[in-house]
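Structure, as structure tokens:
The values are calculated or read from the model by the stated rules, or taken from the named source; none is laboratory data. A quick note: this is a predicted structure, and the numbers were derived from the prediction, not measured. FYI the Cβ positions are ideal-geometry reconstructions off the backbone, even for glycines, and counts take in every protein chain you see. With ligands, DNA and RNA removed, areas are computed over all heavy atoms of the protein, side chains included. Shrake-Rupley method; radii C 1.70, N 1.55, O 1.52, S 1.80 Å.
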Amino acid sequence: MVTAEDGTTTSTYRVVVTKDDAPPTAETRILFISKDKSDTLTSEELAIKEGTTSSVDDTTYWVSLWTNPDTTVTVTVAAIGDGGDLTVEAGNSLTFTSDNWDEPQRVALTANEDDDAETDAVIELMHTAADVEGTDSDYHDHADTLDVTITENDSKGVNMTATGKEIMEGTDGTYSISLRSQPVGGNVTIEVTGAPSGVTVTNQLVFNSTNWRDPQDVTVNRAADNERTSHSPFNLGHGVLGGGYSRLSIDDVGVQIVEARDTAVIVTTTAVTLDEDSSFTYTIALTQTPSAGETVTVDLNFNTGDFGATATTVTFNDGDTTEDITITAKSVTADAVKTISYSVSVTDTSPDDQVYDDEDGYTATSTTVTVKNVPE
């Protein structure tokens, strides 16, 4: 007969049937392993995500005895074999007596973090019971197992800093690649393919168990020449081999080479904010060194009422490629946005081996200057 307490609608009971008061046979389950202190827990029901600590409810289960022991019983919980991915943080040793045998005791697990992206791991936990009075107890050397599945939280993949690059002819362009998880069973090799004739590129990146997190650069370069050439865009592909990554697909990186002779001047500062009556310095540079007999002149165009400058004209001859310019913003009655533009002219007295063509009309990007009024 079962009697429910007042105000309850459901109750859970455990019923143990033995024959003629005989001790349980080897096939009889003696330990009661549960997820919520009531229903018996099966192996398929306990799965922990890698990196989850024992403070999370999903890592907890409960152990009690099926029957009242005739002496004190200690249950030891430990992983079988290679259990390094799983740690029993609480409840690795549980003590039951005739007073608490049916009160579930907590076992808490931590699924240890690793860096590889292998498949889910199944760890077998052994629950071994031992009594303090020797071999006469029902619980002497009794053991139950529980399979715990550790679900993988790492995924194979790469981190890439660019999906497209615009590279000036004669200069290096770079983007970097690193792995999202540690290689398994060897190195990961990434082969870079697709560079057209005249373009050099880093052909191969190799990642191992220690450097897989470190970004490695892919450098792309198209040497400058004295010809005006229209460069077609191309895609760099990435083949992957080894380390458990062989089936991974990595996106292409689109590359456009910009003809250097279309842009003679590079202005390193295209936007700046500064207080009135203060200065800033930036660089004007040529994309290529002028040849003998060539002179490239860059005129700075601005309202002299807005700025003062160390020079208003910069001249580049053979061997000259950079020049620093200091600009001083004059006083303003309110915050104002000013513009410095540039005009480029070329004088060439030796047209046989010219780098710059005086008929090309080179330009440079303007510099926008926001001048802040400073109250007195």
Restricting the search to segment 230-248, which residues are in contact (Cβ under 8 Å) with a residue 40 or more places away in the chain and either loosely packed, with under 13 Cβ neighbours inside 10 Å or outside any loop (DSSP other than H, G, I, E, B) (or both)?
-> Phe234, Asn235, Leu236, Gly237, His238, Gly239, Val240, Leu241
Say we look at segment 116-147 and pick out the residues that are at pLDDT below 75 and small (Gly, Ala, Ser); which of these is nearest to Tyr61 (Cα to Cα)?
-> Ala121
Being over 18 Å from Thr269 (Cβ atoms), in contact with a Ser or Thr (Cβ under 7 Å, 6 or more places away or on another chain) and at pLDDT 85 or above is the filter; apply it to segment 292-309 and report the residue that is surrounded by the fewest Cβ atoms within 10 Å (Cβ to Cβ).
-> Thr297
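Quick test for you: out of Thr229, Thr269, Thr289, Thr312, pick the one residue that is at pLDDT 85 or above and polar (S, T, N, Q).
On the way: Thr229 fails: at pLDDT 85 or above; Thr269 fails: at pLDDT 85 or above; Thr289 fails: at pLDDT 85 or above.
Just a single option satisfies the conditions, and that option is Thr312.
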Does segment 348-366 include one or more residues that are part of a strand (DSSP E or B) and open to solvent by 80 Å² or more (accessible area, probe 1.4 Å)?
-> yes
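Identify, from the list Thr281, Thr219, the residue that is within 28 Å of Val158 (Cα to Cα), polar (S, T, N, Q), in a strand (DSSP E or B) and open to solvent by 30 Å² or more (accessible area, probe 1.4 Å).
Values: Thr281 fails: within 28 Å of Val158 (Cα to Cα).
Of Thr281, Thr219, the one residue that is within 28 Å of Val158 (Cα to Cα), polar (S, T, N, Q), in a strand (DSSP E or B) and open to solvent by 30 Å² or more (accessible area, probe 1.4 Å) is Thr219.
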Search result, residues across segment 155-197 that are open to solvent by 60 Å² or more (accessible area, probe 1.4 Å), farther than 25 Å from Ala285 by Cβ and not hydroxyl-bearing (Ser, Thr, Tyr) = Lys156, Asn159, Arg180, Gly185, Asn187, Glu191
Looking at segment 296-310, is at least one residue farther than 16 Å from Tyr342 by Cα and within 42 Å of the chain's Cα centre (by Cα)?
-> no
Selection from segment 251-266 of residues that are crowded, with 17+ Cβ neighbours inside 10 Å and at pLDDT 85 or above | Val253, Val255, Ile257
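Collect the residues in segment 195-216 that are assigned to a strand (DSSP E or B) and of a type in the set (A, V, I, L, M, F, W, C), keeping them in residue-number order.
Of all residues in segment 195-216, those assigned to a strand (DSSP E or B) come to 199-201, 204-207, 216.
Once the filter is applied, which keeps residues that are assigned to a strand (DSSP E or B) and of a type in the set (A, V, I, L, M, F, W, C), segment 195-216 yields Val199, Val201, Leu205, Val206, Phe207.
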